[in-house]
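Have a look at this one before I ask anything.
The values are calculated or read from the model by the stated rules, or taken from the named source; none is laboratory data. As the structure is a computational prediction, the values presented were derived from the model and not from experiment. We place every Cβ from the backbone using ideal geometry, glycine too, and count neighbours over all the protein chains shown. Calculation scope for accessible area: heavy atoms of the full protein, side chains included, ligands and nucleic acids excluded. Shrake-Rupley method; radii C 1.70, N 1.55, O 1.52, S 1.80 Å.
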Amino acid sequence: MTKRNMTHVVREPEEVVIYFTLPIMFVLVFGYVFGSGMAVPGASSDSAYREFLLPGVFVMTMLYGLGATASGIAFDVGRGVVDRFRSMPVTRSALVTGRSLADLLRALLEMTVLVVCGLLVGWQWHRGIGNALLAVGLILLLRIALTWMGILLGLIVPNPDLVAVIVFPTAFPLTAVSNVFVAPELMPGWLGAVSEWNPLSATVGAIRELFGNPGLGGSSWVAEHALVMAVVWPLLMLAIFVPLSVWRYQRLSR
């Protein structure tokens, strides 16, 4: 099942291109057009905002990736592919677990491309390869949790076309009210508090620390323990969405 999903990625690369286009545009627009007017706490260099922005773009790309997951699952359900697999000697969980593994491999490809793009625009890590790999591990952990959220969404929606209608209007406010583009301490008090408790902010803050990029700040408990919360939030999401996805998948045959 993992090979099947990866084959679709190779045969339909335009889907990957579409999901890459948005974060790259954000890097170019925010990094070069608006970057000179953006403030990064504790940093003064011209390239500081791009180093601040790139970790947020990494995480944002993982979030938007759940749209591809949900669309793929919804298409399989809508076209009767799931029912055909049920009639074959295939493990019942293979469809969803295979999709999860394929999306993890796809996330590795996405991270490779984004890191190369980041290096080209002046981003870099400063705390050694070990911390950089740990940061990538936290990003992939979040992606796994978001993948299972996408699997559940794909199993629920009655029409694959509804996935984009649900994902994109929801994902953009979620990234806007986080520390992806602006440090929470520069927001109004209540909005900054919401931003700090955003699950995306925990991963972004943790990988900024591991990469040695600017933008660390905040005096709240969650901001000071970003590394802990970058593990807690995805595990909590997995504890919620994996059982719900399995339950919904089993209900499809009834």
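Residues in the stretch 92-107 near a label at GLN250, defined as backbone nitrogen under 16 Å from the 7 Å Cα→Cβ point?
92-97, by backbone N distance to the label point.
Consider the candidate values (i) 169, 38, 32; (ii) 62, 35, 34; (iii) 51, 38, 32; state which one is Cα extents along the principal axes in Å computed from the structure displayed.
Recomputing Cα extents along the principal axes in Å here picks out (ii).
Same structure, new question: At a 10 angstrom cut-off on C-beta neighbours, averaged per residue, how do the peptides 60-72, 160-172 rank from highest to lowest?
Result, highest mean first: 60-72, 160-172.
Another one. Packing-wise, with mean Cβ within 10 Å as the measure, how do 21-29, 179-187, 78-86, 130-138 rank, highest first?
179-187, 130-138, 21-29, 78-86
Quote the charge dipole size of the chain about the Cα centre in Debye, to the nearest 20; the model charges only the Cβ of Lys and Arg (+1) and of Asp and Glu (-1).
Computed charge dipole of the chain: roughly 1080 debye.
For the stretch 140-248, what is the accessible area per residue in Å², given a 1.4 Å probe and the full set of protein chains?
Counting only protein heavy atoms, the per-residue value for the stretch 140-248 is 43 Å².
With the full set of protein chains in place, find how many percent of the accessible area of the chain is carbon and sulfur; take the probe as 1.4 Å.
Roughly 68 percent of what the probe reaches on the chain is carbon or sulfur.
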